[in-house]
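> One structure, pasted below without further comment.
The values are calculated or read from the model by the stated rules, or taken from the named source; none is laboratory data. Remember, predicted model here, so these are calculated numbers, not experimental data. Quick reminder, even Gly has a Cβ in these numbers, built from the backbone with ideal geometry, and neighbours come from all protein chains shown.
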Amino acid sequence: MTAGAAGMDLSAAVEADTPIRPGEIKLISTGISISVPVGYEVQIRPRSGLALKHGITLVNTPGTIDSDYRGTVSLILINLGPAPYTVKRGARLAQMVLQEVTRAEVEEVEDLESTARAAGGFGHTGV
């Protein structure tokens, strides 16, 4: 919507108003198909305003559209808010960002080099 925006807005292509009850998940079509260049992906991300004001977000975020996918782009929405939310045709629901993909070469090893963190995981550094 602005010259500095990283993402392109995705809008609902619903035929009729589509309510999403609190806790409910719905698949909402954008009505578009895209061709992503090889070596790139498109990431689908929630819109912050919908999340803050209504609790509407994406179940799989960021979602990924691979370069070889040619179907319709759809959004897996969830209502985490306290009230029903109605999706209307043309409503901006998400954004897509083109991202370069870096391919890794995987090498199987017996041991990993050590680090100060080691296997410290969730919450290991304190509050």
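> Sort out which residues of region 45-70 are crowded, with 19+ Cβ neighbours inside 10 Å and either more than 13 Å from the chain's Cα centre (by Cα) or under 18 Å from residue 1 (Cα atoms) (or both), and write them in order of number.
46, 47, 50
> Could you please give the count of residues in region 80-112 that are small (Gly, Ala, Ser) and under 19 Å from residue 9 (Cα atoms)?
Residues in region 80-112 being small (Gly, Ala, Ser) and under 19 Å from residue 9 (Cα atoms): 3 in total.
> Report, by residue number, each residue of region 26-42 that is exposed (fewer than 11 other Cβ atoms within 10 Å of the Cβ) and either touching a helix residue (DSSP H, G or I) at 6+ places or on another chain (Cβ under 9 Å) or within 13 Å of residue 76 (Cα to Cα) (or both).
27, the sole residue that qualifies.
> Turning to a different aspect of this structure: List pairs: first residue in region 45-70 and small (Gly, Ala, Ser), second residue crowded, with 17+ Cβ neighbours inside 10 Å and in a loop (DSSP other than H, G, I, E, B) anywhere in the structure, Cβ distance under 6 angstrom, at least six positions apart or on different chains.
So the pair list comes out as 55/81; 67/36.
> Hey, does region 94-102 have a residue that's modelled with pLDDT of 95 or more, surrounded by 10 or more Cβ atoms within 10 Å (Cβ to Cβ) and part of a loop (DSSP other than H, G, I, E, B)?
The answer is yes, given that some residue of region 94-102 is modelled with pLDDT of 95 or more, surrounded by 10 or more Cβ atoms within 10 Å (Cβ to Cβ) and part of a loop (DSSP other than H, G, I, E, B).
> Would you point out the residue of region 50-70, among those that are part of a strand (DSSP E or B) and of a type in the set (Ser, Thr, Tyr), that is farthest from residue 37 (Cα to Cα)?
57
> Could you say which residue among 36, 42, 73 is part of a loop (DSSP other than H, G, I, E, B), within 17 Å of the chain's Cα centre (by Cα), at pLDDT 95 or above and on the phi < 0 side of the Ramachandran plot?
After applying the criteria, what remains is 36.
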